[in-house]
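**Student:** Next up is a structure, given as structure tokens.
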Amino acid sequence: MQKKHLSPLSQLAFTACFEHFTATFAHILLSRDGLRPMRAPQRRLWMWHALEEIEHKGVAFDVYVAMGGGYVRRVLAMLWVTVLFALTLGLVRIYLHWRRGVLFNVKTAWSMMHFGLISPGYAVRFLWPWARFFHPAFHPWGHNSDDAALLAAYSLLLQGPQDAPYPPPVVDKNSKSVAL
């Protein structure tokens, strides 16, 4: 799909949808301690990137609404983005498994299913935030209310020394407070 085939408002709807995807994955990564297995330099890069995605998660959505974007266009864009994202992710996984020579390996397939569906279960954890997007009153900052606490806690971690031990912040969803 090229820009000449989409109106500016439709392009903005697609941007808002992709931003919802990336901010949701960032939230899951930070809130589920997904950074722990990484080495310090990669962990800091992913931590910064996840924070950056969360910080601006509502910008494209707000601009879309301010420009007169409606519910139907937003929902259709999300359905299309979901298909594109799933196809792209699937093709990348197939290519990477083919390159490693494990494309038809049952152990690899089970490991990927376990990773996505059970532990840490990122695919399952993504479904509810994804479904919320379809609510007519949805707004990116209207859910995941502990994102502000995650931003505060992980921003503090980023300010520390690069080789500091990694104690993930603990976010108390009831009080919306964070303990390092």
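**Student:** Can you tell me which residue is nearest to residue 149 (Cα to Cα) among those in the range 8-30 that are small (Gly, Ala, Ser) and modelled with pLDDT of 95 or more?
**Tutor:** Of the residues in the range 8-30, the ones small (Gly, Ala, Ser) are 10, 13, 16, 23, 26.
Filter once more, so that each one left must be modelled with pLDDT of 95 or more: 10, 13, 16.
Values: 10: 32, 13: 28, 16: 23 Å.
Among those residues, the one meeting the criterion is 16.
**Student:** Checking the condition free of Cβ contacts under 8 Å to residues at least 40 places away in the same chain and at negative phi, which residue from 15, 82, 88 passes?
**Tutor:** Details: 15 fails: free of Cβ contacts under 8 Å to residues at least 40 places away in the same chain; 82 fails: free of Cβ contacts under 8 Å to residues at least 40 places away in the same chain.
Step by step, each of 15, 82, 88 is checked, and only 88 is free of Cβ contacts under 8 Å to residues at least 40 places away in the same chain and at negative phi.
**Student:** Against the definition (of a type in the set (Lys, Arg), at pLDDT 95 or above and either part of a helix (DSSP H, G or I) or under 30 Å from residue 162 (Cα atoms) (or both)), how does residue 93 come out, yes or no? Don't jump to the end; show me each part of the working.
**Tutor:** Values: of a type in the set (Lys, Arg): yes; at pLDDT 95 or above: no; either part of a helix (DSSP H, G or I) or under 30 Å from residue 162 (Cα atoms) (or both): yes.
Judged against the criteria, residue 93 is not a match.
**Student:** Could you tell me whether any residue of the range 53-76 is modelled with pLDDT under 95, more than 18 Å from residue 140 (Cα to Cα) and not basic (Lys, Arg)?
**Tutor:** no
**Student:** Of the residues that make up the range 30-39, is at least one in a helix (DSSP H, G or I), closer than 22 Å to residue 141 by Cβ and of a type outside the set (Phe, Trp, Tyr)? Show your work before the answer.
**Tutor:** Here is the first cut: in the range 30-39, the residues in a helix (DSSP H, G or I) are 30-31.
Narrowing further to those that are closer than 22 Å to residue 141 by Cβ: 30-31.
In the following step, the residues that additionally are of a type outside the set (Phe, Trp, Tyr) were identified as 30-31.
Yes; the residues of the range 30-39 include at least one that is in a helix (DSSP H, G or I), closer than 22 Å to residue 141 by Cβ and of a type outside the set (Phe, Trp, Tyr).
Yes or no, residue by residue, for (1) under 30 Å from residue 75 (Cβ atoms); (2) of a type outside the set (Ser, Thr, Tyr); (3) surrounded by 13 or more Cβ atoms within 10 Å (Cβ to Cβ):
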| site | (1), (2), (3) |
| --- | --- |
| 91 | yes, yes, no |
| 101 | no, yes, no |
| 104 | no, yes, no |
| 113 | yes, yes, no |
| 120 | yes, yes, yes |
| 126 | yes, yes, yes |
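**Student:** Something else about it: Starting from the range 122-133, keep only residues that are under 13 Å from residue 27 (Cα atoms) and touching a residue at least 24 places away in the same chain (Cβ under 8 Å), then list their pairs with residues that are of a type in the set (Ser, Thr, Tyr) and surrounded by 12 or more Cβ atoms within 10 Å (Cβ to Cβ) whose Cβ atoms are within a distance under 8 Å, requiring at least 6 positions of separation or different chains.
**Tutor:** 126/24; 129/24; 130/24; 130/82
**Student:** Right, next: Looking at (1) within 18 Å of the chain's Cα centre (by Cα); (2) loosely packed, with under 12 Cβ neighbours inside 10 Å; (3) over 28 Å from residue 155 (Cβ atoms), can you tell me which one residue 82 breaks?
**Tutor:** (2)
**Student:** Which numbered condition trips up residue 69, out of (1) in a loop (DSSP other than H, G, I, E, B); (2) at negative phi; (3) exposed (fewer than 14 other Cβ atoms within 10 Å of the Cβ)?
**Tutor:** (3)
**Student:** Which of the residues that make up the range 130-151 are closer than 26 Å to residue 40 by Cβ and crowded, with 16+ Cβ neighbours inside 10 Å? Before you say what the answer is, go through the steps one by one.
**Tutor:** Initially, the range 130-151 is screened for residues closer than 26 Å to residue 40 by Cβ, giving 146-151.
146, 147, 149, 150, 151 - these are the residues of the range 130-151 that are closer than 26 Å to residue 40 by Cβ and crowded, with 16+ Cβ neighbours inside 10 Å.
The values are calculated or read from the model by the stated rules, or taken from the named source; none is laboratory data. The structure presented is a predicted model; accordingly, all values stated were derived computationally and were not measured. Note that each Cβ is placed from the backbone with ideal geometry, even for glycine, and that neighbours are counted across all protein chains shown.
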